[in-house]
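Working notes for the structure below.
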Amino acid sequence: MEDMNGDEYIVIKAKAQGVQVIGLTRGQDTKFHHTEKLDKGEVLICQFTNHTSAIKIRGKATVLTKYGTVDTDDER
Ligand code: TRP
């Protein structure tokens, strides 16, 4: 199977204790397959893969991608 990550990484920085990064499976089914817990100040550098096509972030965090930076608590 071809790689789905395009060599891109994203960066997630926790701004509070107990931020959860939840990996969602690629394909027709969408299931949680992994939860990573970050404490305040911890940084996760990660790629999307053949297994993971989306992530969900619970809690206060800053997410840096090639599209820019977004905070989970941004309001508009
Ligand atoms: N299993 C879905 C998929 O691979 C996961 C997913 C990707 C998703 N993007 C999404 C689910 C957007 C909801 C909304 O397509």
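Taken over the range 49-71, the residue count meeting the criterion of being part of a loop (DSSP other than H, G, I, E, B) and open to solvent by less than 60 Å² (accessible area, probe 1.4 Å) is 3. Of all the numbered requirements in (1) in contact (Cβ under 8 Å) with a residue 12 or more places away in the chain; (2) within 15 Å of the ligand (Cβ to nearest atom), Arg58 misses one, and that requirement is (2).
Considering (1) within 15 Å of the ligand (Cβ to nearest atom); (2) within 12 Å of the chain's Cα centre (by Cα), say which one Gly27 fails and leave the rest. Result: Gly27 passes all but (2). Considering only the range 3-39, state which residues are closer than 13 Å to Ala54 by Cα and in a strand (DSSP E or B). Once the filter is applied, which keeps residues that are closer than 13 Å to Ala54 by Cα and in a strand (DSSP E or B), the range 3-39 yields Ile10, Val21, Ile22, Gly23, Leu24, Thr25, Phe32, His33, His34, Thr35.
The values are calculated or read from the model by the stated rules, or taken from the named source; none is laboratory data. What you see is a predicted model, and the numbers here were worked out from it, not measured in a lab. FYI the Cβ positions are ideal-geometry reconstructions off the backbone, even for glycines, and counts take in every protein chain you see. Areas reflect the complete protein model, heavy atoms only, side chains present, ligands, DNA and RNA absent. Shrake-Rupley method; radii C 1.70, N 1.55, O 1.52, S 1.80 Å.
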